[in-house]
1. Whole-Hz Karplus ³J(HN,Hα) for the range 7-12, in order, using 6.51 cos²θ - 1.76 cosθ + 1.60 and θ = phi - 60°, x for Gly and Pro?
2. What are the ³J(HN,Hα) values, in whole Hz, obtained from phi via the Karplus relation 6.51 cos²θ - 1.76 cosθ + 1.60 with θ = phi - 60°, for each residue of the range 39-51 in sequence order, with x given for Gly and Pro?
3. Pick from Leu48, Leu60, Leu35: which residue has the top mean-square fluctuation in a GNM of the chain where Cα pairs under 10 Å get a spring?
4. For His49, project a label point 7 Å along Cα to C-beta. Then give me every residue of the range 1-24 with its amide nitrogen under 11 Å of that point.
5. For His65 and Gln16, what is the calculated FRET efficiency with R₀ set at 25 Å and r taken between the beta-carbons, to the nearest 0.05?
6. For Gly14, enumerate residues with amide H under 5 Å from its amide H, sequence gap 5+ or separate chain, H modeled in the peptide plane.
7. Within the chain, which chymotrypsin sites (Phe, Trp or Tyr not before Pro) sit in a loop by DSSP and count at most 11 neighbouring Cβ atoms inside 10 Å?
8. In Å and from the alpha-carbon atoms only, list the Rg and Dmax of the chain.
Amino acid sequence: MQLQQTIKSFIRPGEQSGYVAECLEISAVTQGETLDEVVSNLQEAVSLHLEGEDPADFGLVSNPHILVTFELQPAYA
């Protein structure tokens, strides 16, 4: 099995306010009021999730990157 170099995640607007970030390969979900805050929280959540674990158990290389996709709502005039 080839190990993945990236953890795929996406950020979407929260239901009431702020943003929610969720990873696809690992069980990491977080939120923040701003994009900067949610990205920082995402990095911390992934680090905490993998702390003390062998990333290979999740199909990941030892120092994976986080790939973020951002979901936007179209703006209508």
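Taken together, the values in this text are just the output of simple stated rules run on the coordinates, not laboratory data. Source: prediction; values computed, not measured. Neighbour counts are summed over all protein chains in view; Cβ atoms, including those assigned to glycine, are modelled from backbone coordinates with ideal geometry.
1. Running phi through 6.51 cos²θ - 1.76 cosθ + 1.60 with θ = phi - 60° gives 9, 7, 9, 9, 10, 9 Hz.
2. 5, 4, 5, 5, 4, 5, 4, 5, 4, 5, 5, 8, 4
3. Leu48
4. 7-10, 21-24
5. Efficiency for this residue pair is about 0.25.
6. It is Tyr19, Val20, by chain and number.
7. Within the chain, the qualifying chymotrypsin sites (Phe, Trp or Tyr not before Pro) (loop, at most 11 other Cβ atoms within 10 Å) are Tyr76.
8. Considering the chain through its Cα atoms, Rg and Dmax are 13.8, 50 Å.
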